[in-house]
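Quick note: the coordinates plus some simple rules give every number you see, no bench work behind them. Owing to the predicted nature of the structure, the values given are computational and were not obtained by experimental measurement. FYI the Cβ positions are ideal-geometry reconstructions off the backbone, even for glycines, and counts take in every protein chain you see.
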Amino acid sequence: MRDGQVLRTNVSRNARTGAVTTRTDDDLGSGDVVERTRLASGVEIDRTTHRDGSSQTVVTTVDGRKTTLGAGQDAMGKDSPAIARAVERGDSLDAIAARQGVGREQIEAELAAVGLGVRSGDKGGVKSTERVAAMPDEISRSDDAKGKVTIDVVDGQGRRRRTITQDLDGHKRKTVEETFNGYTLTTAADGHMRLRQDATGREWTIKAGSAGAALAHTLLAIDPHSRDARTGKIDCPGSDRDHAWGR
């Protein structure tokens, strides 16, 4: 339809996501096409395409903050998986922004444009950047005053993976903790492991490269609620099976 300004307007709704897009085409005038998409989260994305093909995208978050994306940024989620992987590897949003030649606020806006929220804080000298995905993974990163970096990744099944990296005697040391199925598996920088039964506090020491190491990873990888027999429940270590863990 055309409004009083003779602009051609079309409104559509994505039944899957709930996003509503209003496309306004000034085909009889400037030739500009404006697409305003309002996400179910309340975030708005305004993309203006000019007659010469150039375009500009502005993201308005739920708190009313408006951010214009950089020329190479994508508001449709093309780059968000790479950003998520970079955060999971230990990169800060500031570092990611510097590599892309944009500001941190533009990275946050790019994530918001695909339904991902970013919360930041600084409490007691611990700086944190948290990215909450609607996908439904959650990634959080925190830095303390001594340079220790802690990254938590929680997937849709509730499986948590915590990676702690710190500089000790001039060397980067990484410890990984994985929690799922009632167990926590801690892998030290030298590859040795410790498995803890969370409910009882009972622990097993596991040698790197042993059969017990592979078994421990399997224990935390399976989904006990799966209907697939190949990924269903397996026997858990008992008091008479300490040898299975490489002790």
Cα-based Rg of segment 143-217 normalised by 2.2 N^0.38 Å, two decimals: 1.18
Long-range Cα-Cα pairs in segment 45-116 (distance over 16 Å), rounded percent: 46 percent
Rotationally averaged projected area of segment 9-90 (alpha carbon convex hull; nm²): 6.9 nm²
Peptides 163-175, 19-31, 35-47 ordered by average Cβ neighbours within 10 Å, highest first: 35-47, 19-31, 163-175
Packing-based ranking, highest mean first, of 65-77, 102-114, 198-210 given that Cβ atoms within 10 Å are counted: 102-114, 65-77, 198-210
